[in-house]
Amino acid sequence: MRHLAEMTTSAHDIGGELRRRLPGIGVVKLHKLLYYAQGWHLVQYGEPLFKETIQAWANGPVVASLWADEKHGRSRPALRPLSGEVLATVEYVVARYGRLTGAELIRKTHHEDPWRAVSESDDPALAGDPRITDDALHQWFERDEERVAYVAEVERLRARTDIYSFEPRPLTPEHHAAIDRALRGERVNHRRG
């Protein structure tokens with residue numbers, strides 16, 4: 001098995017891709033999308049998307065080390081290219097949650113077990129370590145009723161990726177409409193073009 005640092009990207013890399021896809025994204029929204037990306041990637045591929053931990057803060061899940069680096073203006077390594085699997089996860093998260101505001105994402109995460117289990121716990125051990133574990137994320141996202149649709153959508157997105165450059169082809173309005181229908185659980189006719 002590969003060492004964790006070798007098998008995952010960093011939250012900085014994923015955050016950079018989210019910012020590229022959603023120009024002007026706020027800090028709150030960025031951290032909630034990182035949480036969703038980590039959860040869905042764990043379910044689909046059985047390993048973390050990024051190595052940094054997610055913590056349960058008052059406004060929902062936050063990648064504390066990324067937040068601190070950006071708040072204090074710490075230098076970060078150059079963003080690394082992302083694999084097709086990683087790009088498919090990011091694309092899915094942007095399609096499913098990208099239209100929600102930071103406030104809507106806070107409310108959504110506050111109703112989900114990974115955040116609630118840590119933030120609402122009376123266990124004094126959790127007070128000093130508000131970490132949301134990968135196991136908690138995996139258990140929650142595996143139970144999601146849209147998991148089957150997610151797996152199919154990620155496979156479709158991966159098939160749409162150029163295998164030589166790992167750059168996704170641009171989505172057309174028809175792609176966006178099909179993704180929206182799939183996320184609502186509607187049948188989508190798949191055409192290869």
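Readers should treat all values here as calculations from the given coordinates under stated rules, not as data from a laboratory. Fair warning: this is a prediction, and the values are worked out from it, not measured in the lab. With ideal geometry, Cβ positions are generated from the backbone for all residues, glycine too; neighbour counts draw on all protein chains shown.
Odds and ends about this structure:
- Sorted largest first, extent of region 4-143 alpha carbons per principal axis (Å): 41, 35, 32
- Each Lys and Arg Cβ is given +1 and each Asp and Glu Cβ -1; about its Cα centre, region 4-143 then shows a dipole of about 740 debye.
- Once the Cα-Cα distance is subtracted from the 0.36 nm per residue extended length, the residue 131 to residue 103 segment shows a gain of 7.9 nm.
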